[in-house]
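Undergrad: Below: one structure in structure tokens.
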Amino acid sequence: PNRLSFASQAFLAASPCFAKRTPQGSTPFSSHPPGYRGPVAHSTSHGRGSSRRAPTRREDRPAAMAKGDSAGASSSSAGPPSASGKSGSGKGKPSAGHSAPSSGSEVPARRAAKALQAKMLINSSLTTVAEGGDAFVLLETIEVHLPDMNDINLATALHRLAKLSTRKDSKYLELVRQSAIFQKLHSTISARILKHSLRSCNASMRHQNSAGNDMPVQCLSVIAWSHAVMQLLDYELFMAINEIASPRTHEFQPFELCQLVWSFAQAEFFFHGIFSGTERRMLSRRPGELKGLCLAMTAWSFATAKFFSRELFSSLAADLPQHASDLRPQELAQTMWAFAEVRVDAPELYQALGWSAAAPLKLKAFKPQELANAIWAYAVSEQQHPAFFLQAGLAIVQKQSSFSPQNIATLLWGYARLQVPDSAHVLASLLDALVAKLPNFPPGALAKALVSAVELRTCTARLLSRVAEAYPAEQFRETLLDMPAQGLTDLAMVCVGAESSPLVLFEGLVEESVRRGATVDAPALMETLYCSLAASLQPRLTGSTGGVWVAAIAQALVSKIEELSPIDKEKLRSVLRTFRDSPEIGSAGPLRAALEQRPQPAKARPKNNTSDFDSTRTATSMISTACPSDKGLDPGAIRQTSKTGSAESEDSVWESIRQQSLRRQAKLGMLE
């Protein structure tokens, strides 16, 4: 077609199955394979001016043509020549030099072979055009071949489009996704999968597709991967793939299965069926069956899906160290993150991954996010690796300007958690990056970074002043609206613990905590109260509303006093005792009173709801009735003892009653 690009026309013209049957020279591109000379003109060498026809290609011959025909023989009749040399009679035996006609079973087989060859040529066309690197030229080729594509061609077309469209920015990907040709391709693939006879809703169609008309199960892995990387989050399609593939994980090759489960994790469709089926398949694998890439993909997929199988991760941790040197930076970082996420103790694995990542050329290839994930993983698992952190520090200094605010906060947190030695130059570089990107910091990342800076003893007055400059009072209060409650408390602790900090920061933090008093949990309110009382002793943080803050926080804590554990209550009493000299401690009076109230133990009462004195009298009368005697018990003495409580305790009173009853029964001969 005229609308095709130059490259597409050139490739299609070179394909014998799709080229126009035109003589050579009539078009710029020959429709015949190399070596074909075209029709031969009249030649006197054959006598009497006869013309010799061009040799017929084997693929252009009719299906009924005999195999033994010579290249120059012409066979225009419907049947082979008869014994008399006349053609078309259908009688007699074939003459010498001619083969017997093809049997009826060879014709369908030859047609099937030609059809298969045509599909293979379509695949070859798709892959060759895709090597050019232009997704829209590939879309033109797909448009030409789409009506003749089988399931493998459809999967190949989508896979090549996914690889090309994700090499550039998101705008390029969006243009590909909005293309009418791509939408037609996508709808065709979706219809094939949704109508698959292996789905339970299509069970009635299984007898119709018994001849193999369904899409092969192995194609589902490529299709799911393409949807995941192109961000085509089709819930119905992924649910159908899960239904088809979950019971048939044994039919996939190892890499196909790992790619399939990775696609579900990447698309955030955490169906239990596909993950449990993959777990069974992985636990039954043969030693050395999976390569390092498959092991890393599986670990990342299960950690992302929060599918924690300790048996699976233990088996992966046993196999991964021997493949650590084969993993690329992305796979190393994802494996570290996965095992830290599931909290599996694997020190040998971390050592092997660390040595593999510590190679200078490999660590320089880490992207900023991958480097932050690796540091986070070592911090969470509390694993030390001096060689890795030495090379990581050099990479951090080199990539200082490339880190995002979240990356900076994560790196500071990791170094604070591990207290990495000899890292002063790394921390200085990270703090410079923090100051340079302050306006772009999300509230949670800012709180995390500043708290880590305090733990590292690098949170200086200059840093806090820059924060105050980057966030004016009103803008800072608006930023605090999205900050987590724990982040508010952490930042308030930073302001109190630093040698000097702007008053505007502390006031905004405490005011926001007070405003959220009803929604903040009790431990966070305890920390906010501590900050407010500590600030009241520091002139630089003393404001006109300090007493109001303490009173509001104390009132909120009184309403949540039951949520505090005994240990938290004791900590709160310790805080109040510590700041008893604070000028604002009087505002916490209701909280002190609530803490001093000790719950009274409940006393067991009889069913008639009588008092303790009446219950004593009732028990005495019951014993006297069971043991009648003129010298029975003295209820008056018991009541007097129980009432005054000066002679004996309540337990001793009841013990004396029991002893008197036993003695009385012994006198009556009831006991030996």
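The values are calculated or read from the model by the stated rules, or taken from the named source; none is laboratory data. Predicted, not measured: the structure shown is a model, and the values here were computed from it. Because the Cβ atoms are built from the backbone with ideal geometry, glycine has one as well, and the counts that use them run over all protein chains shown. SASA here: full protein model, heavy atoms, side chains in, ligands and nucleic acids out. Shrake-Rupley method; radii C 1.70, N 1.55, O 1.52, S 1.80 Å.
Undergrad: What pairs come out if I take residues in the stretch 437-450 that are over 10 Å from Val467 (Cβ atoms) and pair them with residues that are open to solvent by 20 Å² or more (accessible area, probe 1.4 Å) and among the β-branched types (Val, Ile, Thr) whose C-beta lies under 7 Å away, six or more apart or interchain?
TA: Cβ pairs passing all conditions: Pro443/Thr479.
Undergrad: Those residues that are small (Gly, Ala, Ser) and at pLDDT 95 or above, I need them from the stretch 243-264; list them, please.
TA: Passing the criteria: only Ser263.
Undergrad: Can you name the condition, by its number, that Arg167 falls short on among (1) outside any helix (DSSP H, G or I); (2) charged (D, E, K, R); (3) touching a residue at least 12 places away in the same chain (Cβ under 8 Å); (4) more than 23 Å from Phe255 (Cα to Cα)?
TA: Unmet condition: (4).
Undergrad: Quick one: what pairs do we get from the stretch 107-128, first residue under 22 Å from Leu146 (Cβ atoms) and of a type in the set (Gly, Ala, Ser), second modelled with pLDDT of 80 or more and in a helix (DSSP H, G or I), C-beta under 8 Å, 6+ apart or different chains?
TA: As it stands, the answer is Ala118/Asp148; Ser125/Thr141; Ser125/His145, since those pairs meet every condition given.
Undergrad: For the structure I just gave you, tell me whether Arg286 is assigned to a helix (DSSP H, G or I), within 22 Å of Arg248 (Cβ to Cβ), of a type in the set (Lys, Arg) and out of contact with any strand residue (DSSP E or B) (no Cβ under 8 Å at 6 or more places or on another chain).
TA: Considered against the rule, which asks whether it is assigned to a helix (DSSP H, G or I), within 22 Å of Arg248 (Cβ to Cβ), of a type in the set (Lys, Arg) and out of contact with any strand residue (DSSP E or B) (no Cβ under 8 Å at 6 or more places or on another chain), Arg286 comes out as no.
Undergrad: Further question: Output the residues belonging to the stretch 357-416 that are of a type in the set (Phe, Trp, Tyr) and touching a residue at least 40 places away in the same chain (Cβ under 8 Å).
TA: Within the stretch 357-416, Tyr378, Tyr415 qualify.
Undergrad: Need pairs with beta-carbon distance below 7 Å; first residue polar (S, T, N, Q) and within the stretch 534-563, second at pLDDT 80 or above and part of a helix (DSSP H, G or I); sequence gap 6+ or separate chains.
TA: Gln555/Pro590
Undergrad: What number of residues in the stretch 226-248 are open to solvent by 10 Å² or more (accessible area, probe 1.4 Å) and either in a helix (DSSP H, G or I) or closer than 21 Å to Ala299 by Cβ (or both)?
TA: 9
Undergrad: Examine the stretch 149-157 for a residue that is in a helix (DSSP H, G or I), crowded, with 19+ Cβ neighbours inside 10 Å and in contact with a Leu (Cβ under 6 Å, 6 or more places away or on another chain), and state whether such a residue exists.
TA: yes
Undergrad: Take the residues in the stretch 164-187 that are more than 17 Å from Glu140 (Cβ to Cβ) and surrounded by 15 or more Cβ atoms within 10 Å (Cβ to Cβ), then tell me which one is farthest from the chain's Cα centre (by Cα).
TA: Among residues in the stretch 164-187 that are more than 17 Å from Glu140 (Cβ to Cβ) and surrounded by 15 or more Cβ atoms within 10 Å (Cβ to Cβ), the one farthest from the chain's Cα centre (by Cα) is Leu173.
Undergrad: I've got another one for you. Of the conditions (1) over 24 Å from the mean Cα position of the chain (by Cα); (2) assigned to a loop (DSSP other than H, G, I, E, B), Leu390 satisfies every one except a single condition; which number is it?
TA: Of the numbered conditions (1) over 24 Å from the mean Cα position of the chain (by Cα); (2) assigned to a loop (DSSP other than H, G, I, E, B), the odd one out for Leu390 is (2).
Undergrad: Confirm whether Arg457 is surrounded by fewer than 20 Cβ atoms within 10 Å (Cβ to Cβ) and outside any helix (DSSP H, G or I).
TA: The answer is yes for Arg457.
Undergrad: Related question: Of the numbered conditions (1) under 19 Å from Glu511 (Cβ atoms); (2) charged (D, E, K, R); (3) part of a loop (DSSP other than H, G, I, E, B); (4) more than 33 Å from the chain's Cα centre (by Cα), Glu474 satisfies every one except a single condition; which is it?
TA: Single failed check for Glu474: (3).
Undergrad: Let me ask something else about it. Of the residues Lys364, Lys306, which single one is open to solvent by 20 Å² or more (accessible area, probe 1.4 Å) and over 19 Å from the mean Cα position of the chain (by Cα)?
TA: Lys364
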